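The values are calculated or read from the model by the stated rules, or taken from the named source; none is laboratory data. All values reported here derive from a predicted model rather than from experimental measurement. Cβ sites come from the backbone with ideal geometry, for glycine too, and all protein chains shown count toward neighbours. Heads up: the accessible areas ignore ligands, DNA and RNA and are worked out on the full protein's heavy atoms, side chains in. Shrake-Rupley method; radii C 1.70, N 1.55, O 1.52, S 1.80 Å.
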Amino acid sequence: LQAYERRFPTCPLIPMFVASDTVNEYKSEDEAIHVIERRCKLDIDAPRLLKKIAGVDYVYFVQKNSLNRRERTLHIEAYNETFSNRVIINEHCSYTVHPDNEDWTCFEQSASLDIKSFFGFESTVEKIAMKQYTSNIKKGKEIIEYYLKQLEEEGITFVPRWTPPVACKSESSTSHPRRPVSPAINIPESATKEGLNNKEILNTSSSPSEPTAGTPDDKLDADYIKRYLGDLTPMQESCLIRLRQWLQETHKGKIPKDEHILRFLRARDFNIDKAREILCQSLTWRKQHQVDYILDTWNPPQVLQDYYAGGWHHHDKDGRPLYVLRLGQMDTKGLVRALGEEALLRYVLSINEEGLRRCEENTKVFGRPISSWTCLVDLEGLNMRHLWRPGVKALLRIIEVVEANYPETLGRLLILRAPRVFPVLWTLVSPFIDDNTRKKFLIYAGNDYQGPGGLLDYIDKEIIPDFLGGECMCEVPEGGLVPKSLYRTAEELENEDIKLWTETIYQSASVFKGAPHEVLIQIVDASSVITWDFDVCKGDIVFNIFHSKRAPQPPKKDSLGAHSITSPGGNNVQLIDKVWQLGRDYSMVESPLICKEGESVQGSHVTRWPGFYILQWKFHSMPACATTNLPRVDDVLASLQVSSHKCKVMYYTEVIGSEDFRGSMTSLESSHSGFSQLSAATTSSSQSHSSSMISR
């Protein structure tokens, strides 16, 4: 304790610890109890820009030390005073006597982090907090040993234990039984560093007292609605808030902006359950196929750049980005034969991602909400060649994917110079287009677009493309026939298609009742960090982390498939042998976490020992009602939704060194899946709970 107290009022071994002041102190008459409360000034290692935005150079923490000399315990509690309405940090440390050897000291440490909002930099703050915490754990032993050595150099090698004053000895012995007093002993060293145990359970019952971007949880600011969302009825506003809060509970770090959530609500006429279903499917789809990276990492093949007759061209009279597609001049058959269906789909997805970005830019430029774009399709040149069966199939697939993941992004579709063959194409395509979307189609035959109610009603004369009789040079490629020398065989296209959509860091797994899915991770260096990111696609599961000193036997595919099951929905691998006993052959390193269908979980675990760690996803059975043997109605209905007792998860894991650990999701690819285009500056809530980290 004397070594620990030397850290105050400041500690040269902790550069960020600038100063501290005692704000409250209490000592009992017999000096057995000593409680001291300090206000600590910290210079956090954070980016200068973030400090400037936050408006602070230092942050303040309150630390309360409660020493009980009678029980030989020291409890340390710390919490942040700065930004306490936006970020809640709690830390607890305890020093106690070892139950088997009273000359030993036990040390335990835990911490929790709950980020409600921080100017849109929630993930950055989390990374900074985790980096500081991990660093402090590693330096804790070094610091206490430094001050122990300092005491030894001053001739202090032992400290007598506390004994009660004679006057109150009898009272103390009756009301506070204690161990027999033994002679003075050497000061024991502090215990070794602990791992992080971090369980994130989000709290949406309380909202920050300061608004973030004008969007507190209970009500949206009127100016914010007018500036970014457009007209909303009270019912629509309520639906948006409720769906956003649900996302904050289940999709930490991946909350789309309000504008995007609103698109899904509008697509389902503000039916929350239906909107939530399609939005969750879209979030999973985006992550699995890394759609968030597409603009930065995928370069369209040269064939597309030369022969795909489409491109962005200014904006319409409402400020919507304008996309021009010269479909009649495009050789759809040649593109499909040269590139395949999946490459065309990926290119269309990149166009939609660019459209979302342009909508955001135009919202800033025009000072009003712009959440969709206008598409101008010129059909001059359309003929039976465009009705080639594989080409139509590719078009229908593209429409299906875009409808599911980019609802309410098409503000208006202007179809010009529709030829006689167009009704045939329309008959094939229209059943796959949503009713709300079809209402936005305006079709002009021949030169009707030049008359009243035509193109000039929607696009300024100055930007009408030259090929439509305007004066504006349009840089959209003219298309033309794709040379047959660029055609590829069906086998080459199939391999390319498989490659495009299997380029994902995520793996799929099926979880059955009685057959969990398990992943083995071997750790050589203690204090390594196991990170994970998974989505529960179907059913409810229980997530566990185990440790074993010996490696489990590799799974064997026996005749019954007891160890390894392969199904269309993903693999199922079981590693823990049936004869293994928990506590003898392997141990649980943290409490199980129940994850519901649709939830997204990210987290990390700082390992304490080398050996073998097993991540397990296990089927979660619905508990029966506590007061009766009969199951509840809700449980029965929920169980019916999980057909054949099967669950599905999509997961990614990675192991990094503790010196490289920068936060719960830093190294994960999915940390960028906070929607490069869509991630919210709106209120997000995350909670971390230290000793292994499961962030939900």
Hey, among the residues in region 461-493 that are part of a loop (DSSP other than H, G, I, E, B) and touching a His at 6+ places or on another chain (Cβ under 8 Å), which one's surrounded by the fewest Cβ atoms within 10 Å (Cβ to Cβ)?
475
Take residue 351 and tell me if it is within 27 Å of residue 296 (Cβ to Cβ), out of contact with any Pro (no Cβ under 9 Å at 6 or more places or on another chain) and open to solvent by less than 50 Å² (accessible area, probe 1.4 Å).
yes
Report every pair of residues separated by at least 6 positions or lying on different chains whose Cβ atoms are under 9 Å apart, first residue within region 29-54 and on the phi > 0 side of the Ramachandran plot and in the same structural domain as residue 1 (by the TED database), second loosely packed, with under 14 Cβ neighbours inside 10 Å and modelled with pLDDT under 90.
31/165
What residue, of 283, 304, is touching a Phe, Trp or Tyr at 6+ places or on another chain (Cβ under 9 Å) and outside the structural domain of residue 354 (by the TED database)?
283
Do we find a residue being of a type in the set (A, V, I, L, M), in a loop (DSSP other than H, G, I, E, B) and open to solvent by less than 20 Å² (accessible area, probe 1.4 Å) anywhere in region 387-401?
no
Any residue at all in region 90-98 that's open to solvent by 60 Å² or more (accessible area, probe 1.4 Å), at pLDDT 80 or above and over 30 Å from residue 162 (Cβ atoms)?
no
Tell me the residue from 317, 274, 257, 333 that is under 19 Å from residue 386 (Cβ atoms), open to solvent by 20 Å² or more (accessible area, probe 1.4 Å) and either among the basic types (Lys, Arg) or touching a residue at least 40 places away in the same chain (Cβ under 8 Å) (or both), please.
333
Show the residue pairs that are 6+ apart or on different chains and have beta-carbon atoms under 6 Å apart, the first residue being within region 279-294 and among the hydrophobic types (A, V, I, L, M, F, W, C), the second being modelled with pLDDT under 85.
280/598
Cβ-Cβ under 9 Å, sequence separation 6+ or interchain: first residue in region 1-13 and open to solvent by less than 70 Å² (accessible area, probe 1.4 Å), partner in a loop (DSSP other than H, G, I, E, B) and among the β-branched types (Val, Ile, Thr). Which pairs?
3/187; 7/14
Condition set open to solvent by less than 70 Å² (accessible area, probe 1.4 Å) and not in a strand (DSSP E or B), scope region 584-609, selection modelled with the lowest pLDDT: answer is 598
Filter region 356-390 for residues that are touching a residue at least 40 places away in the same chain (Cβ under 8 Å) and farther than 29 Å from residue 454 by Cβ and give the result.
357, 360, 388, 390
I'd like to know if region 430-442 contains one or more residues that are of a type in the set (S, T, N, Q), at pLDDT below 85, under 24 Å from residue 403 (Cβ atoms) and touching a strand residue (DSSP E or B) at 6+ places or on another chain (Cβ under 8 Å).
yes
Can you run down the residue pairs with Cβ atoms below 7 Å, 6 or more apart or on separate chains, where the first is in region 440-457 and in a loop (DSSP other than H, G, I, E, B) and the partner is open to solvent by 90 Å² or more (accessible area, probe 1.4 Å)?
454/448
Which helices (runs of 4 or more DSSP H) does region 255-368 wholly contain that include 1 or more residues that are of a type in the set (Asp, Glu) and farther than 28 Å from residue 476 by Cα?
258-267, 272-288
Does residue 424 satisfy the condition of being closer than 25 Å to residue 321 by Cβ, β-branched (Val, Ile, Thr) and without any contact (Cβ under 8 Å) to a residue 60 or more places away in the chain?
no
Taking the criterion of being closer than 18 Å to residue 129 by Cα, outside any loop (DSSP other than H, G, I, E, B), of a type in the set (Gly, Ala, Ser) and at pLDDT 80 or above, would at least one residue in region 54-77 satisfy it?
no
Which condition from (1) open to solvent by less than 70 Å² (accessible area, probe 1.4 Å); (2) without any contact (Cβ under 8 Å) to a residue 40 or more places away in the chain is the one that residue 297 breaks?
(1)
